[in-house]
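I have placed the structure first, in the form of C-alpha cells, so that the comments after it can refer back to it.
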Amino acid sequence: MLYEFGLQPPFRDAMLVVAVRTAYHEALEATRLDVVRLGALVGDAIRVAVEALERRDSSAGARVVAGDDVVDDLRRKIESACIELIWKQQPVAGELRAIAAMLEIATDLERIGDYAVDIAKNAIKLADVPLRPARVEIDRIGDTAHAMLLDAMRAYTDQDGVLAERVIESDDDVDKLYKRGVKALQEEMQADPALVRAGTRMLFVLAALERVGDRAQNIAWHTKDMIGS
C-alpha cells in the first residue's frame, strides 16, 4: 500500500537509518561498559598485588600474574571495537570524543595492569625474604594510588569533571609519598646492607605505584577532554 503511494522506499530508508544508528549507539555503550569492566579488573589487580606483598602471599601474587592475559584481551577487544565504531559511521563530535577517550583510557588501564603484574612478581620474590625495610609505607602509597584509580574511573563513568579535577590534584600526594619512600629505603639500605636485596625490590614497587598514580591522572584528563570541561 505504501509503495503504491510512493512512500515505501523513503519510509524503508528512514527505518534503516534509525536501525543502524540504534545499533551504533548500542555498540558504543557496550564498549564503554567494557572500559568500566577493564578499570575494575586492573583496580582489583593493584589491590591484590599490594596485599600479596604486605601479607607475603605468593599465591595471590601468582593470581595477579595469571590474570594479566584477561586484561590484555579486553584491552584489544576495546581497541578493535573503537576502530570499528569509527569506520562504520561518521561519529559526531561528542561520539568521537567518547571513542577517543575509550582508546586512551584502555591503554592507560592496560599499563596499570602491567604495573600490578610487576608488583605481584616482586611480592612473590619477597615472600620468603625474612628481612625487609621497616619504614617504607608501601600500603599507604598503594592505597592512595588505588583510590586515585577508583576515583578516575568513577569520574569517567559519571562524566564528573569536578571529581576528575580532584584526581589530577591528588597525583601530588602520590609523588610526595613516593619521594619519601625512596628516601626511607635509601637510608635503611645504607644503614644495613642486609636490606639491599629486599630494599631494591621495594624501590621497584614504589616506582610502579607512582606510575599507577600517573596513569590515573591521565584517565582523569581524558575524561575532562571527553566531557569538554
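The values are calculated or read from the model by the stated rules, or taken from the named source; none is laboratory data. Here the structure is a predicted model, which means the values were calculated and not measured. We place every Cβ from the backbone using ideal geometry, glycine too, and count neighbours over all the protein chains shown.
Observations, loosely collected:
- Criterion violated by VAL42 - all others in (1) at pLDDT below 95; (2) assigned to a helix (DSSP H, G or I); (3) among the hydrophobic types (A, V, I, L, M, F, W, C) satisfied: (1)
- Contact annotation: residue pairs with Cβ atoms under 6 Å, 6 or more positions apart or on different chains, pairing a residue in segment 151-178 that is of a type in the set (Phe, Trp, Tyr) and part of a helix (DSSP H, G or I) with a partner that is modelled with pLDDT of 95 or more and crowded, with 16+ Cβ neighbours inside 10 Å, are TYR156/THR223; TYR178/LEU206; TYR178/GLU210.
- Residues satisfying the stated conditions in segment 89-143, i.e. under 24 Å from SER170 (Cα atoms) and either part of a loop (DSSP other than H, G, I, E, B) or in contact with a Pro (Cβ under 7 Å, 6 or more places away or on another chain) (or both): ARG135, VAL136, GLU137
- Any hit, segment 58-80, residues being closer than 30 Å to SER229 by Cβ, more than 16 Å from the chain's Cα centre (by Cα) and either of a type in the set (Ser, Thr, Tyr) or assigned to a helix (DSSP H, G or I) (or both): yes
- The residue that is nearest to ARG215 (Cα to Cα), among those in segment 20-41 that are β-branched (Val, Ile, Thr) and crowded, with 18+ Cβ neighbours inside 10 Å, is VAL35.
- Filter result for the condition that a residue is under 20 Å from ALA220 (Cα atoms) and of a type in the set (A, V, I, L, M, F, W, C), over LEU33, LEU85: LEU33
- Filter result for ASP225 (surrounded by fewer than 19 Cβ atoms within 10 Å (Cβ to Cβ) and closer than 15 Å to ALA134 by Cβ): no
- Just one residue in the set ASP57, ASP44 is charged (D, E, K, R), in contact (Cβ under 8 Å) with a residue 60 or more places away in the chain and at negative phi; that residue is ASP57.
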